[in-house]
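> Sharing a structure here in C-alpha cells format.
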C-alpha cells in the first residue's frame, strides 16, 4: 500500500481546486446559457424570402433550431423563456459576405507593426461588436481568422459564425503583395511578415498556387480567395491588370474542388473576371467595372457576384486626395451604378458585403452600408440578399461548411440566428442603422446575446 504524506495531500487539494476552477471557467466561457425553449410571441416575420411581413405570429426555438412557426398560439413548455415581440419584426440574422474581421477595424499602420497578440485581441473586440450590430455570420475573405473562429465556436469569445478563407493567395506584385520595393528581390524563399502571420500567401506558378491553397484548406478554410486583378488599397498593381495565368487559377480551382469547395476572386475588370470564369471560379468579389458581355457570361455560368455598394460617399475608405489609391477608388466606384443595373438585367446571383478595411469608424457603420442598397433595390430585396441569398452563397462550401444547417431564413428546422427589430423593418429599413436602439433581441445558434424585450 502506498503512503501519502502532508505534501501529497496538499497536491491533491490543489489539483481539486484547479479542476473546480477550470470547470467554472469553462462554464463561464461557454457564453449565454442555452434555454430549453425560447418562444417569441406577437411578432411579424420577415422570413428571408417574402416581399412582405407575416401576420402576427409566434416562433418557438428549441436548442439551436427553429422548432415551430405558427400564427396560432404556442404552448410554452416548462422552463421556456417567453419574449413578447409587441408587433416588432422577427427576421434572420444578417450575413456579411465580404468581411475582414482581423483587418477591418484596425489602422493599417498598427496592423503592420503591432504584436500579433494585440491584433488578435482587437479582432475579438471587433467580432463582438460585429455580432451586436445584428450580423450573425461573416464570410471572411483574407486574414488569420482561424484562431478567432475557434475561440468563438468554443465559447471563449463572442462573435459571429465565421466562414474563413485564410490568407489571400496572390501573385508577386499582386493585390496581396504587401512588400516594399526595398524588400525585393525575394531571396531564399523568405516569407514576408504578412505571409508569416496569414494575411497573404504569395505564389507564382501552378505548384506554388497548389501549395498555398492546400495550406489554407489544411488550416480549415471553408472557401479559397485569390487576387485575380488590381486593387484599390494595394500599392503596385493598377486596376486594369489581370493577375495569375488561367492555368495558375485553374490549379487553385482544382485544389479547392478536390476538397469539395470553391474559389472566389478579387476582380474588377472584364478581362480579370472573364479569365476567372474560364478557370472555373464560382464567385466574383467586387466586379464594379464589368461590362455587359462579362455580366452576361457570369449569368450563363451561374457564377455568384458578391458586390459591395462602393460609392464616393461618406462610406468610402479615406485615401489622400491626388494619391494613386484615390484615383483608383474613384474609377472603381464610378462603375457601381452600372454594375448593379447589369446584374439586375441579366439576373446574376447577387450577394452583399461591406469589405471594410483599416477603418475603426467605418466598421461601426455596417448597417448604413446595407440600407444604402435601396438606391438599387427594394427593402425586401435588400434584406433577402443579406440573409437568404448570402446563405446560398455560403452553402457553396459543401462539406467544408463549418456550420451544417440552414441559415438566412425563419422557418421550421432552420438554425436559430434571429433578430427582433423594433418596428416594421420593411417599411423602415433605416432601423438597422441604429442597432443599439432598434435591435431588441440578438440570437445566434439559439443563444440570446442581447435582450431588451424582456427588460
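> Would you check if residue 281 is in a helix (DSSP H, G or I), assigned by TED's automatic domain parsing to the domain that holds residue 330 and buried (at least 20 other Cβ atoms within 10 Å of the Cβ)? Walk me through it before giving the result.
On the way: in a helix (DSSP H, G or I): no; assigned by TED's automatic domain parsing to the domain that holds residue 330: yes; buried (at least 20 other Cβ atoms within 10 Å of the Cβ): yes.
The answer is no for residue 281.
> Here is a further query. Which one of 216, 260 is touching a helix residue (DSSP H, G or I) at 6+ places or on another chain (Cβ under 6 Å), in the same structural domain as residue 290 (by TED's automatic domain parsing) and in contact (Cβ under 8 Å) with a residue 24 or more places away in the chain?
Just one listed residue meets the conditions, 260.
> Kindly establish whether residue 239 is more than 22 Å from residue 163 (Cα to Cα) and either assigned to a helix (DSSP H, G or I) or in contact with a helix residue (DSSP H, G or I) (Cβ under 9 Å, 6 or more places away or on another chain) (or both).
Numbers: more than 22 Å from residue 163 (Cα to Cα): yes; either assigned to a helix (DSSP H, G or I) or in contact with a helix residue (DSSP H, G or I) (Cβ under 9 Å, 6 or more places away or on another chain) (or both): yes.
Yes: the conditions hold for residue 239.
> Moving on. Looking only at the stretch 260-277, how many residues end up being surrounded by fewer than 20 Cβ atoms within 10 Å (Cβ to Cβ) and within 21 Å of the chain's Cα centre (by Cα)?
1
> Okay, next question. Test each condition in (1) in contact with a helix residue (DSSP H, G or I) (Cβ under 9 Å, 6 or more places away or on another chain); (2) surrounded by fewer than 22 Cβ atoms within 10 Å (Cβ to Cβ) for residue 366 and report the one that comes out false.
Of everything listed in (1) in contact with a helix residue (DSSP H, G or I) (Cβ under 9 Å, 6 or more places away or on another chain); (2) surrounded by fewer than 22 Cβ atoms within 10 Å (Cβ to Cβ), residue 366 misses just condition (2).
> I'd like the full set of residues that are in contact with a helix residue (DSSP H, G or I) (Cβ under 9 Å, 6 or more places away or on another chain) and under 30 Å from residue 404 (Cβ atoms), limited to the stretch 427-453.
Result: 432, 435, 439, 442, 444, 449, 450.
> Which of (1) touching a residue at least 40 places away in the same chain (Cβ under 8 Å); (2) more than 23 Å from residue 139 (Cα to Cα); (3) surrounded by fewer than 17 Cβ atoms within 10 Å (Cβ to Cβ) is the odd one out, the single condition residue 347 does not satisfy?
Against the list (1) touching a residue at least 40 places away in the same chain (Cβ under 8 Å); (2) more than 23 Å from residue 139 (Cα to Cα); (3) surrounded by fewer than 17 Cβ atoms within 10 Å (Cβ to Cβ), residue 347 comes up short only on (2).
> Let me ask something additional. So, residue 382, is that one without any contact (Cβ under 8 Å) to a residue 60 or more places away in the chain, outside the structural domain of residue 142 (by TED's automatic domain parsing) and buried (at least 19 other Cβ atoms within 10 Å of the Cβ) or not?
The answer is yes for residue 382.
> Here is a follow-up. Evaluate the following for residue 179: is it surrounded by fewer than 24 Cβ atoms within 10 Å (Cβ to Cβ) and either touching a strand residue (DSSP E or B) at 6+ places or on another chain (Cβ under 6 Å) or within 25 Å of residue 242 (Cα to Cα) (or both)? Walk me through it before giving the result.
Working: surrounded by fewer than 24 Cβ atoms within 10 Å (Cβ to Cβ): yes; either touching a strand residue (DSSP E or B) at 6+ places or on another chain (Cβ under 6 Å) or within 25 Å of residue 242 (Cα to Cα) (or both): yes.
When the stated conditions are applied, residue 179 passes them.
> Read through the list (1) at pLDDT below 95; (2) closer than 28 Å to residue 451 by Cα, then give the number of the only condition that residue 353 fails.
Going through (1) at pLDDT below 95; (2) closer than 28 Å to residue 451 by Cα one by one, residue 353 breaks only (1).
> Check 163, 156 and return the single one that is closer than 30 Å to residue 443 by Cβ, assigned to a loop (DSSP other than H, G, I, E, B), modelled with pLDDT of 95 or more and within 26 Å of the chain's Cα centre (by Cα). Talk me through it step by step, then tell me what you get.
Numbers: 163 fails: assigned to a loop (DSSP other than H, G, I, E, B).
Matching residue, one of 163, 156: 156.
The values are calculated or read from the model by the stated rules, or taken from the named source; none is laboratory data. No experiment lies behind these values; they were computed from the predicted model shown. Glycine gets a Cβ as well: all are built from the backbone with ideal geometry, and neighbour counts include every protein chain shown.
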